[in-house]
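No value in this document is a laboratory result; all are computed from the given coordinates. None of these values were measured; they are calculated from a predicted model. A quick note on method: Cβ atoms are made from the backbone with ideal geometry, for glycine too, and the neighbour counts reach across all protein chains shown.
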Amino acid sequence: LWNGEKFLFKKSGTGQHEARSINVLQFTGLLLGERLTEQQRVSLLGGFMRSGLISTYGVRNESTRSELFNADTYTRGPIWPPNNLEIIEGLYASGFETEARSIADDLQENLEKHGFAERFHPRTGVPLSDPSYTWTSSIYIYLRSVSRE
């Protein structure tokens, strides 16, 4: 599913790719780390950094530059901590420690300020649903406990 610059995702049942989307799923391939070529890693990082997915509160599920972005939907914009952890770990695995640490710090700061909700507003970082979610608190504890020095 590599198209030369990013990984594509396809709709279940149809096999069609949603080309209008600029989605965090396109960059979770970073988790492959050293199994990717250097060109793939650099291309993914560049695309991710330009994607509009990064906020000061964490990584959005859908880019603010995507025509599908909608801050008030369940999945087309909000910040989900599990997806953030995939991106953070992928950046570390691919050798991009500075970028990974920056996103991890922003996410942790937002969780310390707003608590451990299921998902967060993509522009303000405030909780959107389920104010106490175990995966969010687990991700926070994990990120606080992992030493990358």
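For region 43-92, just the Cα set please: Rg and Dmax, both in angstrom.
Calculated on Cα positions, Rg and Dmax stand at 10.6, 31 Å.
Enumerate the amide H contacts of ARG119 below 5 Å, restricted to partners 5 or more residues apart or on another chain; note that Pro and chain-start residues carry no placed amide H.
Hits under the 5 Å cutoff: LEU128, SER129.
Apply the Karplus curve 6.51 cos²θ - 1.76 cosθ + 1.60, θ = phi - 60°, to the phi angles in region 31-47 and return the couplings in whole Hz, x for Gly and Pro.
Per residue, the Karplus-derived 3J(HN,Hα) values read 4, 6, x, 5, 6, 8, 6, 4, 4, 5, 4, 5, 5, 5, 4, x, x Hz.
Measuring from label point to label point, each 7 Å out along Cα→Cβ, what is the TYR74 to GLU109 span in nm?
3.2 nm
Could you tell me the extents of region 66-122's C-alpha atoms along the three principal axes, largest first, rounded to whole Å?
Computed over the Cα atoms, the extents are 34, 28, 14 Å.
Using the Kirkwood radius over Cα pairs, work out the Stokes-Einstein diffusion coefficient for the chain at 10 °C and 1.306 mPa s, in µm²/s as a whole number. Display every interim value, and only then the final one.
Working: Rh = 15.5 Å.
This corresponds to a translational diffusion coefficient of 102 µm²/s.
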